[in-house]
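Here's the structure, in structure tokens; my notes come after.
The values are calculated or read from the model by the stated rules, or taken from the named source; none is laboratory data. Quantities reported herein were computed from a predicted structural model and do not represent experimental measurements. Cβ placement follows ideal geometry from the backbone for every residue including glycine, while neighbour counts extend to all protein chains displayed. Only protein heavy atoms, including side chains, enter the accessible area calculation; ligands, DNA and RNA are left aside. Shrake-Rupley method; radii C 1.70, N 1.55, O 1.52, S 1.80 Å.
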Amino acid sequence: MTSPQEVDLQIDSLQAFVAESWSNIAIADRVANLYYLVPPGNQKAKRCFAAAARAARGSGSVYLIRTKINRLRAALKAPK
């Protein structure tokens, strides 16, 4: 199980990368690398991860990508 501190650290790192990056492909790669944070039984986190990955792969705005990533953070930190 991933600690809440590790979740915060990884998500904060991703948010900083999104703010500085010009490439949706690079952002999508970074989002995909966070799949290990999603626990197997957490369906909401899986859906939020999929939405963040879709937003990063598509021509989504930075605001949309950041919103989806924040929802993923909330789903990962929510009590089960």
Residue ID - nearest to Ala75 (Cα to Cα), chosen from residues in segment 13-29 that are in a helix (DSSP H, G or I) and open to solvent by 80 Å² or more (accessible area, probe 1.4 Å): Asp29
Residue list for segment 58-70, restricted to those being under 8 Å from the mean Cα position of the chain (by Cα) and either aliphatic (A, V, I, L, M) or over 17 Å from Ala32 (Cβ atoms) (or both): Ile69, Asn70
Pair list, Cβ under 8 Å, 6 or more apart: segment 33-45 residue under 16 Å from Ala78 (Cβ atoms) and in a helix (DSSP H, G or I), other residue of a type in the set (Asp, Glu) and open to solvent by 20 Å² or more (accessible area, probe 1.4 Å): Leu37/Glu6
Where a residue in segment 2-16 is at negative phi and its partner, wherever it lies, is outside any helix (DSSP H, G or I), with Cβ under 7 Å and at least six apart: Gln10/Leu34; Leu14/Leu34
Within segment 33-54, tally of residues that are modelled with pLDDT of 90 or more, in contact with a helix residue (DSSP H, G or I) (Cβ under 7 Å, 6 or more places away or on another chain) and hydrophobic (A, V, I, L, M, F, W, C): 6
Every residue from segment 39-80 that is of a type outside the set (Lys, Arg), over 20 Å from Ile25 (Cβ atoms) and buried (at least 16 other Cβ atoms within 10 Å of the Cβ): Asn42, Ala45, Cys48, Ala75, Leu76
Answer residue from segment 71-80, given it is part of a loop (DSSP other than H, G, I, E, B) and not basic (Lys, Arg) and is farthest from the chain's Cα centre (by Cα) among those: Pro79
